[in-house]
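*Asks:* This is the structure I want to talk about, given as structure tokens.
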């Protein structure tokens, strides 16, 4: 027996296929794209997009992008990660005067399947107002130093700092605890003496005798995160260069997971992937691309192994 279960997936699926022999280079070659950042993201985004997609990036560094949210919780995001990236791209286009925008946005939290592992998701979004297109590159992994703790003295702070790859990766601290948004953070700590002075200051201000210490996740302060932003930019280039076979529009990528790979023993459909469904934003052409596996192990069958 055979069967298919079609499940919608996010805009940026973890796995996708690039169609060979097609390129988006000619589509975007020579066009100017706005990038709004004050955290040096252009260092990793510009070379990737200029080489891989033919874009020329114009960078605006004077605008305070903290208005779109801070990792230290003083300012909330105006929307989801994708919506915030879109707002950033549109603001950059407005300030620079282009019809093409690039924006980067990151998020951190526990891994959905392995809660004790941290997860970093980076997206680099291209918004093309002229062609009415959006293409999103993504990097999602646990390659991050994202962490926080409460310490009562400098020695405990040193122990945390070493695990957090300090001083190449900066730290942030505040008196007492995470939740009080009225308390001032000391950000960008990148030296041992500065850390000692900051700990002493925070302990003197603390009501509880503790200091809340956390990793600084701003891009310029976190080389590991910066590399994930680069990977998201590379993923964006791959998606740009995956063009619709019918109208040649870039961004022909998987939009749905198709599950239902038949069990090797009983033949019933399982929850394992059997194919991806690709679709074009512009002309609506869609195409199913099967995975190479022909059957799923019986151990993953709800009938054979309930």
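Read-outs: derived from the displayed coordinates by stated rules, not from any lab. Bear in mind the structure is a predicted one, so any value in this text is a computation, not a measurement. Please note: Cβ atoms are built from the backbone with ideal geometry, for glycine as well, and neighbour counts cover all protein chains shown.
*Asks:* Can you name the number of the only condition in (1) in contact (Cβ under 8 Å) with a residue 60 or more places away in the chain; (2) closer than 30 Å to residue 104 by Cα that residue 268 fails?
*Replies:* For residue 268, the failing item is (2).
*Asks:* For the range 220-236: of the residues being surrounded by fewer than 24 Cβ atoms within 10 Å (Cβ to Cβ) and under 20 Å from residue 189 (Cα atoms), which is nearest to the chain's Cα centre (by Cα)?
*Replies:* 226
The rows are residues; the columns are (1) part of a loop (DSSP other than H, G, I, E, B); (2) surrounded by 14 or more Cβ atoms within 10 Å (Cβ to Cβ); (3) in contact (Cβ under 8 Å) with a residue 60 or more places away in the chain; (4) over 16 Å from the mean Cα position of the chain (by Cα).
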site	(1), (2), (3), (4)
67	no, no, no, yes
74	yes, no, yes, yes
78	yes, no, no, yes
105	no, yes, no, no
120	no, yes, yes, no
135	no, yes, yes, no
149	no, yes, yes, yes
160	no, yes, no, yes
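*Asks:* I'd like to verify a number: residues in the range 42-62 that are in contact with a helix residue (DSSP H, G or I) (Cβ under 6 Å, 6 or more places away or on another chain) and in a loop (DSSP other than H, G, I, E, B), how many?
*Replies:* Counting residues in the range 42-62 that are in contact with a helix residue (DSSP H, G or I) (Cβ under 6 Å, 6 or more places away or on another chain) and in a loop (DSSP other than H, G, I, E, B) gives 2.
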